[in-house]
Amino acid sequence: MSDRATDDRVDAELGRALATLAASREQVYYDADADASVRARYYAAIDESESPEQLFHSLGVLLEHTHAPRLPYKPAERVYPWVDLHPDGRLLSIYSGKAFDAEQFIRADAEIARRRAACLPGADAARVHARSARVRGGLRRARARAAVQLRARRAAVMVRQA
């Protein structure tokens, strides 16, 4: 059985995730005008005429300086309640194409965290959870770097074609 500290942590994370999900139902799904304005300001210092290597470096620096602190990868708190929601408020699997209820995923993640903690000696549960978060964060950063590289290459091709 998991310890009280783990239960409290999981309960707090679950509460934050469900509150974010509830708030997302009141938000505009996508505002194209606001997005264009924010995007223009964000990339204003980027010189699109740079070489692909320079552009990659500039975009990497921009990303590093504007994304602090680095958030841990917690899909139940950050991804399911807003980032991956579709206009209908559901999650869509990129693998199967099936739609899912975000609240079910959030609650399932909380249950998995509880079960994981129950299998570990009390104090080790927090340590393993932190290590898992670091590993997932490293993978997330690697994927982000790869995405930046791909966008830089695409931008360089678009600049050359213009």
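The values are calculated or read from the model by the stated rules, or taken from the named source; none is laboratory data. Values in this document were obtained by computation on a predicted structure and should not be read as measured data. Neighbour counts are summed over all protein chains in view; Cβ atoms, including those assigned to glycine, are modelled from backbone coordinates with ideal geometry.
Scanning the stretch 6-25 for residues that are of a type outside the set (A, V, I, L, M) and either over 21 Å from residue 86 (Cβ atoms) or surrounded by fewer than 12 Cβ atoms within 10 Å (Cβ to Cβ) (or both) gives 6, 7, 8, 9, 11, 13, 15, 16, 25. Across the stretch 45-94, the number of residues qualifying as of a type in the set (Ser, Thr, Tyr) and over 18 Å from the mean Cα position of the chain (by Cα) comes to 3.
Looking for whichever is under 17 Å from residue 155 (Cβ atoms) and either surrounded by 14 or more Cβ atoms within 10 Å (Cβ to Cβ) or modelled with pLDDT under 90 (or both) here; the options are 89, 60. Which one fits? Steps first, please.
Working: 89 fails: under 17 Å from residue 155 (Cβ atoms).
That would be 60, the only listed residue that is under 17 Å from residue 155 (Cβ atoms) and either surrounded by 14 or more Cβ atoms within 10 Å (Cβ to Cβ) or modelled with pLDDT under 90 (or both).
When 36, 5 are checked against the criterion of being farther than 25 Å from residue 141 by Cβ and touching a residue at least 40 places away in the same chain (Cβ under 8 Å), a single residue qualifies: 5. The residue pairs whose first member lies in the stretch 54-69 and is farther than 15 Å from residue 146 by Cβ, whose second member is of a type in the set (Lys, Arg) and not in a loop (DSSP other than H, G, I, E, B), and whose beta carbons are closer than 8 Å, counting only pairs six or more residues apart or on different chains, do not exist in this structure. Counting only residues that are without any contact (Cβ under 8 Å) to a residue 60 or more places away in the chain, within 25 Å of residue 15 (Cβ to Cβ) and not in a helix (DSSP H, G or I), the stretch 81-91 holds 5 of them.
I'd like to check which helices (runs of 4 or more DSSP H) are fully inside the stretch 1-80 and have at least 3 residues that are closer than 23 Å to residue 102 by Cβ.
Because the criterion is at least 3 residues that are closer than 23 Å to residue 102 by Cβ, the helices (runs of 4 or more DSSP H) in the stretch 1-80 that meet it are 4-24.
Sort out which residues of the stretch 26-44 are within 20 Å of the chain's Cα centre (by Cα), surrounded by 10 or more Cβ atoms within 10 Å (Cβ to Cβ) and not aliphatic (A, V, I, L, M), and write them in order of number. Those that are within 20 Å of the chain's Cα centre (by Cα), surrounded by 10 or more Cβ atoms within 10 Å (Cβ to Cβ) and not aliphatic (A, V, I, L, M): 27, 29, 31, 35, 39, 42.
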